[in-house]
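The values are calculated or read from the model by the stated rules, or taken from the named source; none is laboratory data. Note that the coordinates shown come from a computational prediction; the quantities given were computed from them, not determined experimentally. Cβ coordinates were reconstructed from backbone atoms using ideal geometry, including for glycine residues, and neighbour counts include every protein chain displayed.
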Amino acid sequence: MALFTSGRDFSMMRHINRELLNDIISQQASFYKYKIGDTKTNIYGEAAGEKYFDGPYIFSCLVSRSDQEFPESDLGVNFNQAIDFSFFRDDLVDTMYVPEVGDIVLYQESYYEIDDLVANQYFGGKNPDYPNNGSAGQQNPLNPGLSKFGANVSIIAKTHYVPADKLNLSPYKERL
Amino acid sequence: MNIPIWPGSSSFAPNSGDTPFGFYDDDYDFQTDADKFSMFASRRLGYPIMDIELQDIHFYTAFEEAVTTYGNEVFAFKIRENQLSLEGADASVDVTNSTITPSMANVVRLSKQYGAEAGSGGNVTWYDGEVDLVNNQQVYDLNAWAAAEGLDRKGGIEIKRVFFESPPAITQYYDPYSGTGFGFQALFNSFGFAAMSPATNYLMMPLSFDLQTVQAIEMNQQVRKSNYTFELINNQLRVFPIPNGSGGKMRFQYIINDERIDSSESEGNDAVANRVTSVLDAPYSNPIYTRINAPGRSWIYEYALAFVRETLGDIRNKYSQIPIPNAEVQLNGDDLISQGREDRFKLIDRLREYLEQTSRRQLLERRADESEFRSKELNQVPMVIYVG
C-alpha cells in the first residue's frame, strides 16, 4: 500500500496552490468554448457567418508568455504571440469545465486559440484516475487503494494569438 | 479529500479530544485562553494575509504542551531546590501548590555515615567479637575468625576497635614508680603514714595536676615499659606485647561490610513504602492554569507559538517541492522549523535563568547584599551630636 502522496497530503497542496494562484500571483485568463450547435458551417465545415461561444469562464492560472513577433508577409506586417496558460486542474474540475483544443482564451484584451493541451503533471508520479484495479472492481493486487494517492495537478493550454475579427466576439456583449 | 485549514476562528470544546491529554480542559481560564491563543498565534504567523495550513487542534495541542512544559520547568526547579527536604516524605501528598519548609531530616540521614565510621552513632551496627589469646602467639587472623562465624559470605568484616590496652593510668595513680608529688604526701599524711604533718593536713591539688600526672604515667609506660599496643593490617592482628599465658580473651568490635552497603540502600529499617525516593516520584503534578500569573502566561503563549511555528514548518516541509501548475515551489518549512526551535530553546533558557535567580540561595544572597548596601547607605547619614 502506498504511504506517501495521499489525498490528505494533496489537500494541503491544493490549499497552497489556490492561495498561490488566487492571492499571491493572481494571474487570470478566461475560456470561451465554441457552441458547435449554434454555429452554422459551410460545405467545408468552416464557420459561416457568426460564431457562438459559451463563456467566458474565468480561472486563475500561471501565464508563460513568449515574446511578441511581427512577421512580415506580402500582405504587410502581422502579429503573433504564443502563450502557455497553466491551470490548476482541480479548479477546472470543480466548475466542470473541460478545456479542448480550439477553445479560445481571453487574456489582456487579446484572444488566443488553444493548439494543444498537456495534462501530464502528476503529484508523486501517480494519477489517481488509474489505480489499476480489476475491471470487476478487484483491488490492485500489488498496491490496493491507489485511487487515493497521487494527483493530476495541472492542465497546460498552449495557445497562439487569434485576431478578434476572426472570432466575431462582441467586445460588449460576450466579453467580461 | 479536502482537509480544511484554519478558518480564522475556533471554539474550544473541553473534553472532546481537542487537546491530546486534556490536562487543563476543565479549567475555565484555559478554555477561554485556548481560542484567544489560536487567534494570537495565527495572526503572528501571517493570517489572514497568509493561509495557515493548520487546524484549531494544532493550536490547542501546542497550548497544552506549553502549559505542561512551563509547569515541568517550574516544578523541576522546585524539586531540585527541595529534594533534600522531599526525599523520604510521603509521596502520596501532592505538594504542587504547597510551600516547602526545609527540614534537617535528610541532612541528619546523610550524616549518619560519619557517625557510623566514627563509632559515635550512625546506622551500621557494631558487633562484639573475641578471640582466645594463645601463649607466645603474636598474630591472630581475624579473617579466619570471620569465616568461622560465617561472616565472610556477608562481605567480610571490618574491625572498628580492639580492646588490647594497658590498664587505665588512673589505676596506677598511686604507683610509687609512676611519679611523686605533694598529692601523695598529703594522702600519706591523711592516712598517718608520714610524720611531716598531721593527718588533717591535706593539700588539695588542681584537676590539671591529676591530668598531668596521668599523662606522665602513660608516657612512662610508653617509653620505659612494653606498652600494650597492636597493629592491624588486612584483619591480621599483631599484638604487643606477645601474650605470655593462655586463657585470656581479647575482645574487639567489628562491622559487617555488607551492612554498611545495605545501610546506604535502604536506610536501615526505616524504608517505608510510598516514600519519595528520587525526583522521579516527587509528588508534583501538572500546574493549575488559573493560578499561573501574567508573566507565566506570556511565556506560555510565546512557547506555544514557537511550537505552532515548528508544526507548520513540519507540515510545509513534508515534501520539499510542492507542485503547482507547470512548475514547483519550495515552501518556507525549513525557516519555520529552525525559527520555532530557536525560539523554544531561547524561551527555555530564559525561564531557567529566571528560576535560577529566584532560587533560595540567590534570594538569600541578594537579601544579604541588600542589607549590606543599606547599611553602607545609612552610614552616609551624618551623625547628630546629641545635645541634652
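Considering B:38, B:42, which residue is in contact with a Gly (Cβ under 9 Å, 6 or more places away or on another chain), under 26 Å from residue B:350 (Cα atoms), buried (at least 18 other Cβ atoms within 10 Å of the Cβ) and in contact (Cβ under 8 Å) with a residue 12 or more places away in the chain? First the steps, then the outcome.
Values: B:38 fails: in contact with a Gly (Cβ under 9 Å, 6 or more places away or on another chain).
Result of the check over B:38, B:42: B:42.
I need a count of the residues in the range B:138-168 that are in a loop (DSSP other than H, G, I, E, B) and in contact with a strand residue (DSSP E or B) (Cβ under 9 Å, 6 or more places away or on another chain). Give the steps one after another, and end with the answer.
Residues of the range B:138-168 in a loop (DSSP other than H, G, I, E, B): B:138, B:149-151, B:155-156, B:163-168.
Next, only the ones that are in contact with a strand residue (DSSP E or B) (Cβ under 9 Å, 6 or more places away or on another chain) stay: B:138, B:149, B:151, B:155-156, B:163-166.
Here the count works out to 9.
Just checking, does the range A:45-60 include any residue being within 14 Å of another protein chain (Cβ to nearest Cβ) and closer than 18 Å to residue A:31 by Cβ?
Looking for residues that are within 14 Å of another protein chain (Cβ to nearest Cβ) and closer than 18 Å to residue A:31 by Cβ, one finds at least one in the range A:45-60, hence yes.
Could you please find all residues in the range B:222-240 being loosely packed, with under 12 Cβ neighbours inside 10 Å and touching a residue at least 12 places away in the same chain (Cβ under 8 Å)?
Answer for the range B:222-240, where residues must be loosely packed, with under 12 Cβ neighbours inside 10 Å and touching a residue at least 12 places away in the same chain (Cβ under 8 Å): B:226, B:234.
Would you check which residues across the range B:1-35 are aliphatic (A, V, I, L, M) and either surrounded by 13 or more Cβ atoms within 10 Å (Cβ to Cβ) or at pLDDT 95 or above (or both) and list them? Can you show your working first?
Filtering the range B:1-35 for residues aliphatic (A, V, I, L, M) gives B:1, B:3, B:5, B:13, B:34.
Scanning the range B:1-35 gives B:3, B:5, B:13, B:34.
Can you tell me which residues in the range B:280-339 are among the aromatic types (Phe, Trp, Tyr) and away from chain A (no Cβ under 13 Å)? Even if it seems obvious, please write down each step before you answer.
Quick first cut of the range B:280-339, residues among the aromatic types (Phe, Trp, Tyr) only: B:284, B:289, B:299, B:301, B:303, B:307, B:319.
Of everything in the range B:280-339, those that are among the aromatic types (Phe, Trp, Tyr) and away from chain A (no Cβ under 13 Å) turn out to be B:284, B:289, B:299, B:301, B:303, B:307.
Looking at residue A:142, is it without any contact (Cβ under 8 Å) to a residue 12 or more places away in the chain and away from chain B (no Cβ under 14 Å)? Full working, then the answer.
Numbers: without any contact (Cβ under 8 Å) to a residue 12 or more places away in the chain: yes; away from chain B (no Cβ under 14 Å): yes.
When the stated conditions are applied, residue A:142 passes them.
Would you please name the residue that is surrounded by the fewest Cβ atoms within 10 Å (Cβ to Cβ), looking only at residues in the range B:324-368 that are part of a helix (DSSP H, G or I) and of a type in the set (Val, Ile, Thr)?
Ranking the qualifying residues of the range B:324-368, first place goes to B:348.
Mind checking which residues of the range B:1-37 are farther than 30 Å from residue A:149 by Cβ and among the charged types (D, E, K, R)?
We begin by selecting, within the range B:1-37, every residue farther than 30 Å from residue A:149 by Cβ; these are B:8-16, B:19, B:21-37.
Matches in the range B:1-37: B:25, B:26, B:27, B:29, B:33, B:35, B:36.
Using the structure shown, decide if residue A:91 is in a helix (DSSP H, G or I) and either touching a residue at least 40 places away in the same chain (Cβ under 8 Å) or among the aliphatic types (A, V, I, L, M) (or both). Please lay out each step first, then the result.
On the way: in a helix (DSSP H, G or I): yes; either touching a residue at least 40 places away in the same chain (Cβ under 8 Å) or among the aliphatic types (A, V, I, L, M) (or both): yes.
Criteria met by residue A:91.
Pick from B:260, B:291, B:309: which is under 25 Å from residue B:161 (Cα atoms) and in contact (Cβ under 8 Å) with a residue 12 or more places away in the chain?
Values: B:291 fails: under 25 Å from residue B:161 (Cα atoms); B:309 fails: under 25 Å from residue B:161 (Cα atoms).
That would be B:260, the only listed residue that is under 25 Å from residue B:161 (Cα atoms) and in contact (Cβ under 8 Å) with a residue 12 or more places away in the chain.
Inspect the range B:84-98 for any residue being surrounded by 14 or more Cβ atoms within 10 Å (Cβ to Cβ), assigned to a helix (DSSP H, G or I) and touching a residue at least 60 places away in the same chain (Cβ under 8 Å) and give the result as yes or no.
Residues of the range B:84-98 surrounded by 14 or more Cβ atoms within 10 Å (Cβ to Cβ): B:84-89, B:91, B:95-96.
Still in the running and assigned to a helix (DSSP H, G or I): B:84-86.
Of the ones still in play, those that are also touching a residue at least 60 places away in the same chain (Cβ under 8 Å) are B:86.
Within the range B:84-98 (the criterion being surrounded by 14 or more Cβ atoms within 10 Å (Cβ to Cβ), assigned to a helix (DSSP H, G or I) and touching a residue at least 60 places away in the same chain (Cβ under 8 Å)), the answer is yes, since at least one residue qualifies.
Quick check: is even one residue across the range A:95-103 within 14 Å of another protein chain (Cβ to nearest Cβ) and not in a strand (DSSP E or B)? Can you show your working first?
If we filter the range A:95-103 for residues that are within 14 Å of another protein chain (Cβ to nearest Cβ), which is where we start, we get A:99.
From what is left, the residues that are not in a strand (DSSP E or B) are A:99.
Checking the range A:95-103: at least one residue is within 14 Å of another protein chain (Cβ to nearest Cβ) and not in a strand (DSSP E or B).
Out of everything in the range A:44-66 that is among the aromatic types (Phe, Trp, Tyr) and assigned to a loop (DSSP other than H, G, I, E, B), what residue ends up being nearest to residue A:160 (Cα to Cα)? Reasoning before the result, please.
So in the range A:44-66, the residues among the aromatic types (Phe, Trp, Tyr) come out as A:44, A:52-53, A:57, A:59.
Then keep just the ones that are assigned to a loop (DSSP other than H, G, I, E, B); that gives A:44, A:52.
On the way: A:44: 23, A:52: 20 Å.
For the range A:44-66, the residue satisfying everything is A:52.
Do we find that residue A:152 is in contact (Cβ under 8 Å) with a residue 40 or more places away in the chain, within 14 Å of chain B (Cβ to nearest Cβ) and surrounded by 15 or more Cβ atoms within 10 Å (Cβ to Cβ) in this structure?
Values: in contact (Cβ under 8 Å) with a residue 40 or more places away in the chain: yes; within 14 Å of chain B (Cβ to nearest Cβ): yes; surrounded by 15 or more Cβ atoms within 10 Å (Cβ to Cβ): yes.
Here the answer is yes, as residue A:152 does meet what is asked.
Whether any residue in the range B:284-292 is surrounded by 14 or more Cβ atoms within 10 Å (Cβ to Cβ), assigned to a helix (DSSP H, G or I), out of contact with any Ser or Thr (no Cβ under 9 Å at 6 or more places or on another chain) and modelled with pLDDT of 95 or more is what I want to check.
Step one: filter the range B:284-292 for residues surrounded by 14 or more Cβ atoms within 10 Å (Cβ to Cβ), giving B:284, B:286-289, B:292.
Retained after the next criterion (residues that are assigned to a helix (DSSP H, G or I)): B:289.
Those still in the list that are out of contact with any Ser or Thr (no Cβ under 9 Å at 6 or more places or on another chain) too: B:289.
Of the ones still in play, those that are also modelled with pLDDT of 95 or more are B:289.
Yes - at least one qualifying residue is present in the range B:284-292.
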